[in-house]
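The structure appears below as structure tokens.
The values are calculated or read from the model by the stated rules, or taken from the named source; none is laboratory data. Here the structure is a predicted model, which means the values were calculated and not measured. Please note: Cβ atoms are built from the backbone with ideal geometry, for glycine as well, and neighbour counts cover all protein chains shown.
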Amino acid sequence: MRPPARPDMSLFTVCYRNAADCGDWLNDERLLALVRFDQTPPTATDRRICTVDLAELGSAATAEVWLGARAARAGCSEGIYHAGDGDVLFLHARLDEYAPDALQPLTAVLYRRLFAKARALGYPHLLRLWNYFPRINQECDGLERYRAFCAGRHQALAAELAEFETRLPAASAIGTRAGDLQLYGLAAREPGAQIENPRQVSAFHYPRQYGRRSPSFSRAILKSWGEGREHLYISGTASIVGHASVHHELAAQLEETLANLEALLG
């Protein structure tokens, strides 16, 4: 089955497909990456495929198919896969946690490599990052793993970006069943505009109760691609009001999440 024809578009796009039907997309010269959400072991032979160990419940595995507006130029060096179409750069990297307490230094190393690679390729402005690692809420030596991740990310951002709190990408961090520390994301040649949510405390201003280093991301990035074309990249906003998650019921959390999205769109 050939990939369905796509209308002529001047911007990259992402579509969602059944993972079992995505093989032919690998022959598309516009392919930036194919992200699978299942328990398929990562492949070392085709770095365009990114596997996240988050198997879906009660449905077939889904894949994100990221396509450029034109033929992509792809490569892999220093452990970072990259593919760009001239406007946007897709990056993917993963590192094995070699020790139980290695998450913080590994996160700092991975982020600094990512910044260096994006700059070297001419896409120095990170827009949106997706972070994944296992056991996100477990503690190691008294420190929650998510807080260790935040400390490593903060260390890298403070080193790489001047006045970094005004230049933060949108981001999310999600726990997986297993696997390595990995992330993928988008970078551009020109920056987007950082947006904060009036219903929420900015993540980088969270109180100390959330760790010695606050989460370092913006609530959203509004990116203009010229000629009236814009993308809004939204972080993992969830049901946070102020700086705390609210409600104990899923339906109420969903309503709060939708209210947060409305605030960003407004």
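Is there a residue being under 15 Å from L106 (Cβ atoms) and assigned to a strand (DSSP E or B) anywhere in the range 150-164? No.
Out of all the residues in the range 87-109, is one or more touching a residue at least 12 places away in the same chain (Cβ under 8 Å), surrounded by fewer than 18 Cβ atoms within 10 Å (Cβ to Cβ) and under 28 Å from S10 (Cβ atoms)? Yes, that holds for at least one residue.
A Cβ distance below 6 Å, combined with a sequence gap of six or more or placement on separate chains, defines the contacts here; from the range 128-140, residues that are of a type in the set (S, T, Y) reach residues that are surrounded by fewer than 17 Cβ atoms within 10 Å (Cβ to Cβ) and part of a strand (DSSP E or B) in the pairs Y132/I174. Whenever a residue of the range 227-256 is closer than 19 Å to L129 by Cα, its partners that are basic (K, R) and surrounded by 15 or more Cβ atoms within 10 Å (Cβ to Cβ), lying with C-beta atoms within less than 7 angstrom and at least six residues away or across chains, give the pairs E230/K223; H231/K223; Y233/R128; Y233/K223; S235/R219; T237/R219.
Considered as a group, the residues in the range 24-69 that are out of contact with any Phe, Trp or Tyr (no Cβ under 9 Å at 6 or more places or on another chain) and over 22 Å from G179 (Cβ atoms) include one that is surrounded by the fewest Cβ atoms within 10 Å (Cβ to Cβ), and that residue is N27. Among the residues of the range 77-101, what is the count of those that are on the phi < 0 side of the Ramachandran plot, modelled with pLDDT under 95 and more than 16 Å from the chain's Cα centre (by Cα)? Here the count works out to 7.
Residues checked against (1) of a type in the set (S, T, Y); (2) surrounded by 12 or more Cβ atoms within 10 Å (Cβ to Cβ):
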| residue | (1), (2) |
| --- | --- |
| R189 | no, yes |
| I195 | no, yes |
| V201 | no, yes |
| Y210 | yes, yes |
| R213 | no, yes |
| F217 | no, yes |
| G226 | no, no |
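Of the strands (runs of 3 or more DSSP E) entirely within the range 185-266, those holding at least 1 residues that are within 30 Å of G122 (Cα to Cα) and modelled with pLDDT under 95 occupy 220-226, 229-234.
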